[in-house]
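Student: Take a look at this one; I'll ask things after.
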Amino acid sequence: MRFSIFLRLSAVLLFSGVLYAEEDFDKFASMSLEELLDVEVYGATLTSQKNKDAPAAVSVFERKQIAQMGIDTLDELMAYVPGFQSYRMDEHSMFYTYSSRGRRTSSSSAEVLVVVDGIKLNDGRIGGAVSTISKFPLGWIERVEFIRGGGSALYGSNAMQGVVNIITVKKENSLELSSGSYDRFKGALLGSYGEDDLQVDLLSNYNRSSGENYTRNDTFDKTVPYSQTRTSDPYKAANIYATFQYANTQFNYLRSSTKLKDFYNLGNIANNVNATEIANDIFALKHSQNFGALKSKITLQYSQLNTDISGQLSAMGELATVSSPYSADAAIVDTRLESSEWRGVIENDYTINSNNSAQFGVEYRRVVAPTLYASSNFDLAAFAQKNLPIASSQNMDILTVVQRKNTQETFALYAQYQTKAREDLLLTFGARYDNYKGLDTQLSYKTAAVYQLNDAQTLKAIYAKSFRAPNTNELYLENNPIRTGNPNLKSENIQNIDLIWMGSWKQTTIWSLGYFENHYNNAIVEIENPNAKGSIFKNIAQDPVKGFELELQYQPSLKWMFRGTYTYFNELPDLSYRESEHLLSLTGNYHYEKLNLNLSGVYNGSREYAVGAESNRFAISPYWLVDAKASYQLYPTLNLFAQGKNILDETYVTPPQTNISSDGIPNRGLEILIGGVWSF
């Protein structure tokens, strides 16, 4: 641990803190229950409304709540949301897939849409936002809304299982520096400048760690008992997000860069071979204009994602007897995955009168994936398709096409009508038409009723039909020994039912209890490929998902705040064996004057993973992960903190997506971080 860095940092911050005038000491104080009841939700209807009026199951976290918790990134926060699961996989050490309500295809989490200030982060090639910005920093978030259930009536394809709507911090100047376990260093600078009609906000974040050491079963050893190998999970990640606002026009730029080595890659452990570099750029230009009762916004967005991967596909000598010419080398692969996307959208919000409003708009998307090649010392096409003999080389000069050039164009129209039918009844009707050129067309819709039983209780009933179109990866990936695309895929559909009871009691307790059902048609799944190595994507008839979600918040006094969630899936598809049926989270927060203490924990029920074949499954035991954070407002502008993740030092594994690992994917033990936040 770099405590010398921290000590020098503390001295600088302590000195700097006394130079500034007295400010409010309650910056990190607990939010009151009244504040939580009045939290606004935007992403459910693209209009602002209180959570109790939103026609959806929504969990909201505000900046003040997030800052108290002993976690750093969006995937970690997901564990405290009903229905959401997030865990590490075997793509690389920073790859944390997530799901909403127990259903996920592959590892990209393409069923959940992630939106930041109206900018869609989901990558067009893989469908999900997992690689767009690995481990999105919580320090950038002013408010985040986790919207569960079908959202395609407004957002289209990737909102099939839900939407994560992020609103970033504005008008803040602060510097965070911290250091801790596994040689970790974290720095975050938030800057703001405003003058007349100009507002500039800059968010930046840097993380590095030399990694934890793990002893694992050798993924290339097929004998039992397995031989052991050691690996680690070092990383470097830098992210920057800039917003330039002039009058009604805004420009956004997001840049994320991640460098990783060793650990698992392409399902295997291969130290000094495995490496991944991810570089992502997103540009967005937005202009808003009001025409009386009509508010209009035009958004143009361009995204470019590049991922460079190096990995090992076979053991030394494994291909010796089937190679030509003879080679006892391991099969190594280097490849660059690229994609770009143009998106244009016009959004309109028309206020008819105090009880009625309409939202409508159009969207155009164009995803371009060039022909992608992999360089190797073996013929990857022959290796993947089991065509013998397999050509070999002493150099990495055998090029194999792993994805053909393709372009996916989408045109969409949507409309939504909200009406206050009675003083105690809100109705929402929405529909969207998506035309995927050369693939299919989809009609999504949503109907919802929100009934105010009394001043303290609300009932919600929602029925929605949503969809997800297959992405480029699922359609056109080829010559890949890990997974293969299927050009005959069609869009998958979901019919979603939500029944929700929300309420409050004696100004001390608020709750949300919900029942949901998801019924699937043409579900896209990743299953074993009977004709080649690895897996293949396929449309199947999949069993429904059914379950209950509970969210409870209790505030006995202004000093104490407790939050708990519980999710139970009473029905899950067989191919969702990697997901837990029972999810539980508990958070307790104590605030007194300048001191804030937070203790939180998440429980994951048993999961399974497969080895060799989908049917050859092994159980992962349930586990608790407990996090803690202590914050002290030493000066009005200086907050010092110490946080611990997995403070019980739980040794646990999570399920791999591939069927290669025989002992699951390891996760870090106790991780301490000590630092300070200086506001200026």
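Student: Calculate, for ASP197 and SER606, the FRET efficiency according to 1/(1 + (r/R0)^6) with r their C-beta to C-beta distance and R0 56 Å; round to the nearest 0.05.
Tutor: So, using R0 = 56 Å, E works out to roughly 0.50.
Student: Roughly how many percent of the accessible protein surface of the chain is carbon and sulfur, given a 1.4 Å probe and a whole-percent answer?
Tutor: 57
Student: In sequence order, what are the phi-derived ³J(HN,Hα) couplings for region 294-299 according to the Karplus relation 6.51 cos²θ - 1.76 cosθ + 1.60 with θ = phi - 60°, rounded to whole Hz, with x for glycine and proline?
Tutor: Karplus-based 3J(HN,Hα) across region 294-299 equals 9, 10, 10, 9, 10, 10 Hz.
Student: Counting each DSSP H run of 4 or more residues in the chain as -39500 (n - 2.57), what helix-only mean residue ellipticity at 222 nm follows after dividing by all residues, to the nearest 500 deg cm²/dmol?
Tutor: Result for the chain: -1500 deg cm²/dmol, rounded to the nearest 500.
Student: Given H placed on each backbone N at 1.01 Å, which residues far from ASP90 in sequence or on other chains put an amide H within less than 5 Å of it?
Tutor: GLN657, THR658
Student: Same structure again: Go through region 314-328 residue by residue and turn each phi into a ³J(HN,Hα) via Karplus (6.51, -1.76, 1.60, θ = phi - 60°); whole Hz please, and just put x for glycine and proline.
Tutor: Calculated HN-Hα couplings, in order: 8, 6, 4, x, 5, 9, 4, 6, 10, 9, 9, x, 3, 8, 9 Hz.
Student: Sorted by average packing, counted as other Cβ atoms within 10 angstrom per residue and highest first, what order do 313-321, 667-675 take?
Tutor: 667-675, 313-321
Student: Report relative contact order for the chain in percent, whole number only (criteria: Cα-Cα under 8 Å, sequence separation at least 6).
Tutor: Contact order relative to length: 13 percent.
Student: So for each of 573-581, 170-178, 109-117 I average, over its residues, the number of other beta carbons within 10 Å; can you give me the resulting order with the highest mean first?
Tutor: In decreasing order of mean packing, 573-581, 170-178, 109-117 become 109-117, 573-581, 170-178.
Student: Let me ask you something else. Can you list residues whose amide H is under 5 Å from ILE665's amide H, if they're 5+ apart or on another chain and H is modeled 1.01 Å from N?
Tutor: When sequence neighbours closer than 5 places are left aside, the close amide H contacts are THR654.
Student: In addition: Residue-wise, which Karplus ³J(HN,Hα) couplings in Hz belong to region 634-650, taking 6.51 cos²θ - 1.76 cosθ + 1.60, θ = phi - 60°, and x for glycine or proline?
Tutor: Whole-Hz 3J(HN,Hα) from phi for region 634-650: 5, 10, x, 9, 10, 10, 9, 8, 9, 10, x, 9, 6, 5, 7, 6, 5.
Student: Can you list the residues, at least 5 places off or on another chain, whose amide H is less than 5 Å from the amide H of PHE61, using H built in the peptide plane?
Tutor: VAL144, PHE146
Student: Determine, for each peptide in 490-499, 191-200, the mean count of other beta carbons within 10 angstrom over its residues, then list the peptides with the highest first.
Tutor: Result, highest mean first: 490-499, 191-200.
Student: With a probe of 1.4 Å, find how much accessible area the chain has per residue, and write the answer as a whole number in Å².
Tutor: 39
The values are calculated or read from the model by the stated rules, or taken from the named source; none is laboratory data. None of the values given here were measured: they were computed from a predicted structure. Note that each Cβ is placed from the backbone with ideal geometry, even for glycine, and that neighbours are counted across all protein chains shown. Only protein heavy atoms, including side chains, enter the accessible area calculation; ligands, DNA and RNA are left aside. Shrake-Rupley method; radii C 1.70, N 1.55, O 1.52, S 1.80 Å.
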